[in-house]
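K.L.:
Pasting in a structure now, in structure tokens, and then I'll have a few things to ask.
Nothing in this text is a laboratory measurement; each read-out follows from the coordinates by a stated rule. Just so it is clear, the model here is predicted, and its values are computed rather than measured. Using ideal geometry, Cβ is built from the backbone for each residue, glycine included, and neighbour counts are taken over all protein chains shown.
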Amino acid sequence: MSTRARLKYDVFVAPEKPFSAPAPRLGEPRAWDPVTSTLIFGPRDALLVDALMTIREATALADWVELHDRRLTTIYITHGHADHWLGLSTLLSRFPHARAVATAGTVRQMHAGARNNWARARFPGQIAESLAFAEPVDGPLELEGRPIHVIETGHTDTVDTTSLHVPDLDLIVAGDVAYNHCHMFVGATTAASRAEWIAALDRLAALNPAAVVAGHKDPTCGNPPSILAESRGYLEYFGQLRETAMADEDLFDAMVNRYSNWVSRQEFLLFGLPVSGQA
Ligand SMILES: [Zn+2]
């Protein structure tokens, strides 16, 4: 970290939570993996990255943001998966002067996701009735005059994903491009999309960050940059096994054995959900 850095950051982790779906064939009982939201702040203002999913989560997140005693100017959404933005309307009701922004691709995915009732079926009664959407980001992001760069990372655990780079902090807020000791949502990947995902991880690593916040993490872990290489290794290993046409059960066992201390041994992460899995 530069000695002139004025910005700081803090990470909120929403714990694992059960969801409604037929019992899995493999692994632990159905539970959503822990999701993060990151607050970047200066002496006066703050920018929040991602808005979590349920009303309870977003309310707890809003309380936590308030404890920082900064003026929340911006909420940035990294990608269109429901678990990172359905809490936005709850947050905006608490911080009505904050501007919610995302790339045009993410905004498109948010609207597409809102048209199916996927999350309401999985989390009945837990999703806000009225959803809010981000506006397309219309220029460079900044916080108290310090730049925050949007990196478009393409197809990683879904399409149109992004990460943020905060040069003042040598920080990357990776969204779901990186996972931190948490089984990764590879259930919707192909060999080609995994190659694109790995290229995105390499682009982030080339920025030589001092810290990387993953969209999903083991809450007991810090935010070391080593998670970029670890996520890359996970994708490569999964890809190697997938290409052998191994049975799902054997592939699952191989992944949880290799990553025995990673959280969320969830079948849906490796193989998707029956209808439209998202992580
Ligand atoms: Zn996610």
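K.L.:
Pull up the DSSP beta bridges for the range 45-204 and report the antiparallel fraction as a percent, rounded to 5.
P.N.:
50 percent
K.L.:
I need the shape label for the range 3-103. Rule: rounded when a/c is under 1.5, else prolate if a/b > b/c, else oblate, with a, b, c from the alpha carbon gyration tensor.
P.N.:
Details: a/c = 2.40, a/b = 1.97, b/c = 1.22.
Prolate, since a/c reaches 1.5 and a/b exceeds b/c.
K.L.:
Share of antiparallel DSSP beta bridges in the chain, in percent to the nearest 5?
P.N.:
Details: 26 of 42 bridges.
Of those bridges, close to 60 percent are antiparallel.
K.L.:
Also: Report, in debye and to the nearest 20, how large the dipole of the chain comes out about its Cα centre when Lys and Arg carry +1 and Asp and Glu carry -1 on their Cβ. Don't jump to the answer; show the numbers that get you there.
P.N.:
Numbers: 24 positive and 33 negative charges, 94 e Å.
Roughly 460 debye for the chain.
K.L.:
Sort 7, 228 so that the residue with the fewest other Cβ atoms within 10 Å of its own Cβ comes first and the one with the most comes last. Walk me through the numbers before you get to the answer.
P.N.:
Working: 7 22, 228 25.
Exposure proxy ranking, most exposed first: 7, 228.
K.L.:
For every helix of n ≥ 4 consecutive DSSP H residues, a contribution of -39,500 (n - 2.57) applies; sum these over the chain, divide by its total residues, and give [θ] at 222 nm rounded to the nearest 500 deg cm²/dmol. Please list the in-between numbers first.
P.N.:
Values: 8 runs with 86 residues, N = 279.
Rounded to the nearest 500, the figure is -9500 deg cm²/dmol.
K.L.:
State the Kirkwood hydrodynamic radius of the chain in Å, one decimal place, computed from all pairs of distinct Cα atoms. Display every interim value, and only then the final one.
P.N.:
Working: mean 1/r = 0.0533 Å⁻¹.
Evaluated on the chain, it is 18.8 Å.
K.L.:
Moving to a separate point now. Subtracting the Cα-Cα distance from 0.36 nm times the residue separation, let me have the gained length for residue 28 to residue 6 in nm, one decimal. Walk me through the numbers on the way to the answer.
P.N.:
Details: separation 22, 0.36 × 22 = 7.92 nm, distance 4.27 nm.
Answer, rounded to one decimal: 3.7 nm.
K.L.:
Given axes a ≥ b ≥ c from the Cα gyration tensor, I'd like to know whether the range 197-257 is rounded (a/c under 1.5), prolate (a/b larger than b/c) or oblate. Mind showing how you got there, number by number?
P.N.:
On the way: a/c = 3.71, a/b = 1.71, b/c = 2.17.
Taking the square roots of the gyration eigenvalues as a ≥ b ≥ c, the range 197-257 is oblate.
K.L.:
Then there's this: How large is Rg/Rh for the range 95-196, to two decimals, with Cα atoms and a Kirkwood Rh? Present the calculation step by step, with values, prior to reporting the outcome.
P.N.:
Numbers: Rg = 15.7 Å, Rh = 15.8 Å.
My calculation puts Rg/Rh at 0.99.
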